[in-house]
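Reviewing the structure listed below.
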Amino acid sequence: MHEFQERARSLVQDGTLSYDQKLRRLAALATEALPYPALSADCQEALDKRVICDMFEGHAPYTARYILPDYEKAVRQGLAYLELPPPTNLADALAFLQVMYANVPSVTTYPVYLGDLDKVLAPFVTDDLTDDDLDAALRRFWIGIDRMLPDAFVHLDLGPHDSRLARSIFRVERSLRQSVPNITLKVDPDLTPDSLVDDGVRTVFETGKPHFVNHPMMVADHGERYAAVSCYNSLKIGGGAHTLVRLNLKEAALRHAGTADEFLTTTLPRYVELTAELAEARIRSLVEDQHFYDTHWLAVEGLIDIHRFSAMFGIFGLAECVNLLMQHDGHDGRYGHDDRTNAYAVRLVERVAALVADRPMPYCDGGNGRCYLHSQSGIDLDEGVTAGCRIPVGDEPDLLQHLETCAPHHHLFASGISDIFHMDETAVRNPEAMVDIIRGAFRQGMRDFTFNLDSNEFVRITGYLVRKSDLAAIEATGAARHSSDHLAAGAEANFHLTQRAVKRIGCHERDPR
Amino acid sequence: MSATLADAATGDVSAITGFVADTITFSNVDGPGNRFVVFLQGCNFDCVACHNPQTIPLAIGEHFRTSVADLLPRIRRAAPFLRGITVSGGEATLQPDFVHALFSAVQADPELARLDCFVDSNGTADDATWHRLAPVTHGTMIDLKCFDPDIHEQMTGQSNAPVLHSIELLHGMGLLYEVRLLILQGVNDDPALLRRTGEWLASVDPAMRVKMIAFRAHGARPHEPALVPPSHEALEAAAANLQVADLQLCLV
C-alpha cells in the first residue's frame with residue numbers, strides 16, 4: 001500500500017504531466033488495487049520475470065485493447081447513445097465523427113481507429129464540393145484530431161482505391177505535418193494506381209506517414225472489412241483485439257539449456273503456453289467479469305460485435321533469441337547476415353505460429369477461436385532486446401538482404417509485423433523507386449511496409465511517430481503535449497532510435513511505473 | 001521510349017562477356033524507379049570531374065571479365081523490387097556487343113522480361129551503335145558536359161559534336177529519357193552559355209527532361225586549380241538561366 005501511495009503521489013505531483021495525462025495514469029494505477037486475474041504459479045513467475053508481458057494493461061481490463069468501430073454503419077444509422085442522427089453533409093459528418101471519437105475507448109483511453117475515412121466520408125463528397133473546400137474542411141478536422149486526441153496511436157486507413165478524399169488527406173498531411181493521426185494506405189496490385197502509392201511516398205517524405213499494407217494478403221486473413229490500427233495492428237472492422245500479450249523470445253532462449261532444435265520442442269512450447277494462459281485469463285476477466293461486450297454502447301448499437309474480436313499473441317526479441325541459440329550450437333552467424341541463422345529464425349516463427357494455431361482461445365471467433373499472431377514492435381522499457389522480428393538497429397544489412405530476411409515471416413502474422421527501412425536523402429528525388437520497392441515487397445509476400453527518411457523531422461519509435469523537435473523539448477523541460485512523446489523519450493533512451501526527447505502526444509506502450 | 005523489341009536476339013547470348021567494373025543492386029539515381037546498375041570498365045573521355053576515375057582506363061585486366069550468365073542471377077535476385085536495369089560506366093557503348101547481349105538476355109528471361117533496359121552514356125557512340133542497341137533499349141540518359149565546344153574539350157579532352165548529334169538522334173528515335181548537365185562552378189555555369197544550352201535543348205525537345213547535377217568532390221581526382229562544388233543557390237541560379245520553354249529541370 002505504501003508503494004501504491006508513493007506512485008499515486010509522484011503522479012499527482014509530477015510537474016511535467018498535463019492534467020489529462022495525470023488523470024489517465026491515475027486511472028491505470030487504480031486497477032492495480034484490484035487482484036490480478038488468477039494465474040498459475042509458472043505463469044505468474046514468467047510474468048514477474050518479464051519473459052511474458054501483459055503490456056501493462058492493468059489488473060482488471062474494462063475495455064478491449066483495440067476497438068475498430070464500424071464507422072460506415074454508424075454514419076448510416078446514427079448513434080442512439082450519443083443522440084446523433086445520421087449526417088447528411090460533409091460538415092455534419094465530420095462533427096458526428098469528432099463526437100464519436102471522444103466516446104470510443106481503448107487501452108490508451110484514445111481511439112486507436114478513426115475509420116477508413118475515404119470510405120466513411122465518401123457519401124458526403126459531392127460534385128459541387130471543390131478540392132479547396134474539401135481540403136479546408138479536412139484541415140480543420142485534422143487540427144481537431146491532433147489537439148483533442150493527442151496520441152500517436154490514433155490511426156486511420158485509406159485505399160486501396162484512389163479517391164478525392166485520399167488525395168486531399170495526403171495534401172492536408174503534407175501541409176500540417178502533425179504526428180497525429182497515424183495513417184495506413186492499403187495497396188493492391190490491381191486496385192491501387194501507382195500515382196496514389198507515389199502520393200503516399202511523397203507524404204512519407206514530409207511526415208513519415210503513411211504505413212503501407214498488402215491489401216490482398218490482409219483480405220485473405222481477415223476479409224474485406226479489416227484495418228490497420230494503432231501501430232501495425234491489423235484487425236477486423238466491427239471487432240478488434242481484447243488484449244495483447246507478448247513473449248520475449250530472448251528471455252526464453254536465456255532459460256534454455258540445449259540445442260536450437262530442442263528449443264523448438266521444449267522451451268518454446270512451454271513459454272507459448274504460459275503466454276496463452278495469460279491471454280486467456282485477461283480475456284475472461286474482460287468478458288466474464290467486467291462484461292465489456294454486454295454493456296458498452298458500441299456493442300449495444302451493433303457497431304462492434306464480440307464475434308469479430310480475438311486477442312493478439314505477440315513475440316519479440318527474435319534476433320537475440322536466434323543469435324543466442326546459434327551460439328549454443330557453436331555457430332556464429334548473425335540474424336540478417338547468415339543464411340543458416342535466417343532459416344532457423346523462419347522455422348522458429350513457423351513453430352510459434354503452429355503452436356498458437358493449436359491453442360483454442362475463448363471469445364476469439366474473429367480468429368477462428370485462436371489468437372492472432374503479432375510481431376510486437378516494442379515498448380519504451382525494452383532494453384537490449386529488438387522489436388518483433390526486426391534486425392537490431394544499426395546491424396541492418398543492405399536493403400535487398402534486409403527485405404529477404406524479413407519477407408518469409410510476414411505471412412504468418414495476421415495481426416501485423418513491422419520492419420522499418422531507412423532511406424537516405426536521394427530517395428526524395430525518385431519517389432518512383434520507393435513505389436517499386438513497396439510493390440516488390442508485397443510481390444515477395446510482405447504484409448507491412450514502413451520506411452523513414454534519415455533526414456526526416458518525424459521519427460518512428462516503435463511504430464508510432466514523434467517529431468524530433470518534440471523530443472528535444474522533452475529533453476529540455478520534461479513536458480509534452482502528446483502522451484506518446486513520453487514513451488518515445490523512454491524508447492529513445494533505451495534504443496538510441498534517434499537522440500533523446502519529451503512530448504504532448506501519448507502512447508500506451510509504456511511502463512506506467 | 002517505345003522501342004519495339006520484336007527483333008531482340010533469341011539465341012543464347014549468356015556466354016558473351018564484357019569488362020564490368022561493379023554492379024549496384026538497388027539504385028534510385030540511375031534512371032526511372034529502382035534499378036540494378038552495371039558499371040562497365042573503360043571510357044573514351046578523361047573528364048576532370050569524373051567521380052569514378054577508376055573506371056576510365058581501357059587497359060583492363062581479365063579480372064573484370066564478366067559474362068551475361070554471371071550477371072543474370074544477381075539481377076533475378078533483385079528483380080521483384082526493380083523497375084529496370086541500367087548500364088553505365090565507364091562508357092557503356094564502348095562494349096555494344098555485351099550491352100546488346102545483356103539486354104537481349106534480360107528480355108528473353110521470363111522472370112526479367114518486365115524490366116526496362118536503359119543506357120547511361122557520354123553520347124559519343126556513332127549512329128551504327130545506337131541503331132544496333134535500339135531494338136533492345138528502352139531509354140538513354142546522355143551526359144552533356146558542356147554546350148560550348150572549347151570548354152567541352154577542356155573538360156573531357158574530346159569534341160562535343162558527337163554528343164550533340166547523339167542527343168538529336170536518340171530524341172528522333174524516341175529513346176532519349178534525359179540529358180544530364182554536370183555543373184562545375186566557374187567552368188560551365190556562365191549565364192549566357194547556360195541560356196544558349198537551354199535554347200538548344202528546347203529546340204530538340206521543348207519538354208526535355210534535364211537533370212542538373214552539382215559537381216561533388218567525392219571520388220574525383222585532385223585538380224589544379226581545385227574544382228568547386230556549386231552551392232545549392234548556385235545550382236538554382238544555373239537552373240534559372242537554363243530554363244527555356246517547358247524543359248523539365250531536376251536539380252541534384
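Read the figures in this text as sums done on the coordinates, not as results from a lab. All of these numbers come straight from a predicted model, not from anything done at the bench. Cβ placement follows ideal geometry from the backbone for every residue including glycine, while neighbour counts extend to all protein chains displayed.
Structure notes:
- Average partner coverage of A:398-405, which counts Cβ from other chains inside 10 Å: 3
- Two-site FRET efficiency, B:R74 against A:E273, from Cβ-Cβ distance with R₀ of 35 Å, rounded to 0.05: 0.20
- Helix B:96-108 axis versus longest C-alpha principal axis of chain B: approximately 60°, rounded to the nearest ten.
- Separation of segment A:263-280 from segment A:334-407 is 15 Å, based on Cα centroids.
- All other residues whose Cβ lies under 13 angstrom from that of B:G172 are scored, Lys and Arg at +1 and Asp and Glu at -1, for a net of -3.
- Crossing angle, helix B:161-172 versus chain B [Cα axis fit, 0-90 degrees, rounded to tens]: 60 degrees
- Ranked by how many other beta carbons lie within 10 Å on average, peptides A:39-45, A:157-163 from highest: A:157-163, A:39-45
- Among B:T197, B:I56, B:L169 the positive-end extreme of the charge dipole of segment B:17-251 (Cβ point charges): B:I56
- Where labels lie 7 Å past Cα in the beta-carbon direction, separation of B:D190 and B:D46 in nm: 2.5 nm
- Extension gain, A:A472 to A:H59, is 145.3 nm, computed as 0.36 nm per intervening residue step minus the present C-alpha separation.
- Backbone N within segment A:245-263 under 14 Å of label point (7 Å from A:H328 Cα along the Cβ vector): A:249-263
- Percent of Cα-Cα distances greater than 21 Å, calculated over segment A:333-440: 47 percent
- Here's the list of lysines a cross-link from B:K145 could span, going by alpha-carbon distance under 29 Å and ignoring same-chain residues fewer than 8 apart: B:K211.
- Axis angle, to the nearest 10 degrees, between helix B:232-242 and the longest C-alpha principal axis of chain B: 90 degrees.
- Principal semi-axes of the equivalent ellipsoid, √(5λ) from the alpha carbon gyration tensor of segment A:95-207, are 22, 16, 14 Å from largest down.
- log₁₀ of I(q)/I(0) at q = 0.23, 0.24 Å⁻¹ - segment B:107-213, Debye sum with one point per alpha carbon: -1.28, -1.37
- For the pair segment A:155-230 / segment A:30-82, the C-alpha centres are spaced 28 Å from each other.
- Each label was represented as a point 7 Å from its Cα along the Cα-to-Cβ direction; for A:E383 and A:D454 these points are 2.9 nm apart.
- Binned Cα-Cα distance frequencies in segment A:19-86 - 10 Å width, integer %: 16, 30, 25, 20, 9, 0
- Shielding by partners for peptide A:11-24, expressed as the average number of C-beta atoms from other protein chains within 10 Å of each residue's C-beta, is 0.
- Computed from the alpha carbon positions, the gyration tensor of the protein assembly as shown leads to an equivalent ellipsoid with semi-axes of 52, 30, 24 Å, biggest first.
- Rounded to the nearest 20 debye, dipole of the protein assembly as shown from Cβ charges on Lys, Arg, Asp, Glu: 1400 debye
- 10 Å Cβ neighbours from other chains, averaged over peptide B:25-38: 5
- Charge tally in the Cβ shell below 12 Å around A:V385, where Lys, Arg are +1 and Asp, Glu are -1, A:V385 excluded: 0
- Evaluated at q = 0.12, 0.13, 0.18 Å⁻¹, a Debye calculation over the C-alpha positions of segment B:1-123 (equal weights, vacuum) places log10 I(q)/I(0) at -0.41, -0.48, -0.93.
- Approximate spin-label separation A:A91-A:S195, in nm, with each point projected 7 Å along Cα-to-Cβ: 3.1 nm
- Under 16 Å from a label point set 7 Å out along the Cα-to-Cβ vector of A:L176, no amide N atom of segment A:14-32 is found.
- Nearest-0.05 FRET efficiency for A:Y19 and A:H411, computed from C-beta distance (R0 35 Å): 0.20
- Between A:E45 and A:K73, the FRET efficiency estimated from the beta carbon spacing at R0 = 51 angstrom works out to 0.70.
- Solution diffusion estimate, µm²/s, Stokes-Einstein, segment A:293-350, Kirkwood Rh from C-alpha pairs, 4 °C, viscosity 1.567 mPa s: 90 µm²/s
- Binning all Cα-Cα separations of chain B at 10 Å, short to long from zero, yields these whole-percent fractions: 7, 31, 36, 20, 5, 0.
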